[in-house]
Amino acid sequence: MDNNEAYILEFKQYRDHIEKIWDDLKNSKPKSSFDNLEWCTDDGRFHCFNAMKYSLEQAVKIMRPKIKKGTEECFGNFDHVGKSFVRHRCGTSEDGPCCGWWFGDDEYGFHAIPVWMFTSDDDYDSIEEALGKENK
């Protein structure tokens, strides 16, 4: 097994772990005030929807006009979707101290909000693949 195959296997195992935690949180938590938000980072462009408020189908319907469009300040298509988390916190970003919604793959217990994450990162499922999985 070469390094690339090992990375792919590790990433798949990590995604399986995130999926289980994500599903448990989605089904057990009260609704949050978080609705949806877009981030442009060094790692790419992300748009997240609260999975406790929106089904994947509803989020895709809202995102359809944006799926193939980039923006001037941050290019990329929203043609892949995954499960991730946001949480409200104060901290220091690359821009300095700030409070607000922070995006990431880490689950922080009661503070984590499960989200549908739209991205251009092809490590995640295409929208059609994700819809197929959700409808099974």
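Side notes on the structure shown:
- Amide H within-cut-off set for ASP125, under 5 Å, with H built and near neighbours excluded: VAL81
- Residues whose amide H comes within less than 5 Å of that of LEU37, counting only those at least five positions distant or on another chain, are CYS48 (H built at 1.01 Å from N in the peptide plane).
- Label-point gap, in nm, between GLU128 and ARG89 - each point 7 angstrom along Cα→Cβ: 3.8
- Spacing of the modelled spin labels on GLU10 and ASN77, each 7 Å from Cα toward Cβ, amounts to 2.9 nm.
- Taking other C-beta atoms within 10 angstrom as a stand-in for reagent exposure, CYS40, CYS99 fall in the order CYS99, CYS40, fewest first.
Every read-out reported here was derived from the displayed coordinates using simple, explicitly stated rules and does not represent laboratory data. In this text, all values refer to a predicted model and were calculated from it rather than measured experimentally. Note that we place each Cβ from the backbone using ideal geometry, even for glycine, and neighbour counts take in every protein chain shown.
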